[in-house]
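These notes concern the structure reproduced below.
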Amino acid sequence: MEAVDLLVAYLEQIGIEYVFGVPGGAIEPLYNALARSARRGGPRPVVARHETGAAFMADGYARETGRIGVCCATSGPGATNLITGVACAYENEIPMLVISGQPSLNLLGRGALQESSGAGIDTVAMLRTCTRYSALISHPDQLERQLTTALLSAHHPIPGPVHLSIPVDVLRSLLKCGPSYNLAHLLQPQSAVDDAAVRELQAQLAQAKRIVVLIGSGGGMAIDLIIELVERVNAVFVVTPDAKGFISPRHPLYRGVFGFAGHPSAVAAMGDKDVDLILVVGSALSEWTSNGWSESLLNNRLVHIDSCEAHLTRSPMARLHVRGLVRPVFERLLRTLRRDGPKEISVGEKRRFRKISVDDPFKSASEDAPIKPQYLMRELGWRSPPDTRFLVDSGNSTTWAIHHLGMHDHLHSAGGWMRVTMNFAPMGWAIGGAVGTALANRDVPVVCITGDGSLLMNGQEMTVALTEKLSVVFVILNDSALGMVKHGQRLAGAEQIGFELPLVDFRLMAESMGIPGHVIRTAEDFDNLDLDAMLRHPGPSVLDVRIDGDEVPPMGLRLKVLGTEK
């Protein structure tokens, strides 16, 4: 077989269905191999419109499936175009295999078209700064060893992207045999748990009088067990912004989102002086997930539970660190805990989550007034099916969704129901991410919540959803501005500059692509929309929502960290 067929055989072995990318001369053998693979039902290519979009799609695919997302690009500018999406995956700990091409080995250093091996532009070195592994394969005999090492590095010890740069003649080289390793077995998650630390935590739980549990994105696979523990010890719990989609908002012990764009009730719960134990489960404790490294969290009341040592180093002040996969840790904890059971839901709690219909603070005062983003978020969440996947873009979209997106009354595991990027947060991520998510799971509707600024950066990827006949609704918060910049300048008393965007009719843009579009100007326009039909439609739809641009998003934490809070 050709060397590139060995690469594709390994992808098939670990259950990869799609390779997202943009073809080019230096990567052509990979597309030939994928064509052969597709004919026998194996991995096939999905052509993005820009390499950054391909990386975002691989990210969305990985979050939905739990498998490695794969993206590829040709040499030179193709590889450099991948970097933003790869860096996003790196900071958000998303496993990804990145494949880039190179000219033939005998041409390296001679000024070949789009060469990027190190004689000039060095994409291997560039990507080394935002991957767990980055290497140039300079001989066919290196391919299998480098590939298996890279794929294992994408999962252990910290998930993230890995990169292989392969010259075109190496890809075409002939090999005598197929895969030597069973990677599907080697990629099984490690199950080691620090049992001594678990026993110490059991003792502390037995002695604690008031407990708060902060659930992070790493708690998704054990969310049922975490909630069971909360109920047994009658703790209260809050979630980080990237874990909002795991839980039921109507649980009587839930106190909201703690962190960026979160809720005062969560801040109050964490700051309660009577709390003597805080459990942080599956969180890296970054700026947004720690509420700007809040002192109410980072103190000696803290016990930090995580499978990743690097995350545990973010909490040196903790009284205890428990290392291990979250699910086996909680299985061990629950073996000895008392069973108090959950509290009854009070009348006040029921009223708090009841749908508002008469004195609605977020519905516009007049019928012709612009729709308020708070109302849009709440109604969009409530009117979508419970299994809808929401991918939310950076900017104002993130703040409104974290704070107001309506949630259904049940638990979600693994990737959750609402997905946002923490830390490295590029605009336009959700557009490609929604395409990758929809390809990974055609049985659920997908909603991308983005802004006009993000759409103008990456909106061309909507046509991939059209080509693939994916049920994705792209909801565009259109306020003719880079909204977070505009409001951040106003709140900080800074110069009002550089945020204006033209008023674009995204319905017309969508229709020019062959995608049905709608303009939503008022709450009544949204109420009259047949959203169910759009979410069932085998293809994308666009909602150009002309939101009230004067509504200020809950972004105070960001201003505080930047030092511009007034």
Of GLY428, THR289, VAL446, which is farthest on the positive side of the dipole of the chain, counting Cα position, with +1 on Lys and Arg Cβ, -1 on Asp and Glu Cβ, and the Cα centre as origin?
THR289
Inter-label distance for LEU508 and ALA533, nm, one decimal - labels placed 7 Å from Cα along Cα-to-Cβ
2.5
Give me ASP5, ASP306 ranked fewest to most by other Cβ atoms within 10 Å of their Cβ, as a rough exposure proxy.
ASP5, ASP306
Going by Cα centres, the range 259-279 and the range 426-502 are how many Å apart?
31
Averaging sequence separations of C-alpha pairs under 8 Å and six or more residues apart, then dividing by the length of the chain, give the relative contact order as a whole percent.
13
Calculate for the chain the 222 nm mean residue ellipticity that helices alone would give, adding -39,500 (n - 2.57) per DSSP H run of length 4 or more and normalising by residue count, nearest 500 deg cm²/dmol.
-10500 deg cm²/dmol
For the range 176-334, what does the alpha-carbon gyration tensor say about shape, rounded, prolate or oblate, given a ≥ b ≥ c as the root eigenvalues, a/c under 1.5 as rounded, and a/b over b/c as prolate?
prolate
About the Cα centre, charge dipole magnitude for the range 193-234 (Lys/Arg +1, Asp/Glu -1 at Cβ), debye:
240
Can you pick out the pairs among LYS244/LYS560; LYS372/LYS469; LYS244/LYS363; LYS273/LYS486 whose Cα atoms lie more than 27 Å from each other?
LYS372/LYS469; LYS273/LYS486
Considering the values (i) 28; (ii) 36; (iii) 23, which represents percent of Cα pairs over 40 Å apart as calculated for the structure under consideration?
(i)
With charges set only on the Cβ (+1 for Lys and Arg, -1 for Asp and Glu), what does the dipole of the chain come to about its Cα centre, in debye to the nearest 20?
1320
Using the per-residue mean of other Cβ atoms lying within 10 Å as a proxy for protection, in what order, highest first, do the peptides 171-184, 527-540, 490-503, 80-93 fall?
80-93, 527-540, 171-184, 490-503
For VAL446, which sequence-distant residues (separation of 5 or more, or a different chain) have an amide H within less than 5 Å of its own amide H, given hydrogens modelled in the peptide plane?
ARG389, VAL473
Local charge sum around GLY160 (other residues, Cβ-Cβ under 15 Å, Lys/Arg +1, Asp/Glu -1)?
0
Taking amide H atoms as placed 1.01 Å from N in the peptide plane, list the residues 5 or more away in sequence, or in a different chain, whose amide H sits under 5 Å from that of LEU320.
HIS304
Within a Cβ distance under 13 Å of ARG301, other residues only, what is the Lys/Arg minus Asp/Glu net charge?
0
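Where a number appears in this text, it was derived from the coordinates with a stated rule and is not lab data. Since this is a predicted model, take the numbers as computed values, not measurements. All Cβ positions, glycine included, derive from the backbone under ideal geometry; neighbour counts span all protein chains shown.
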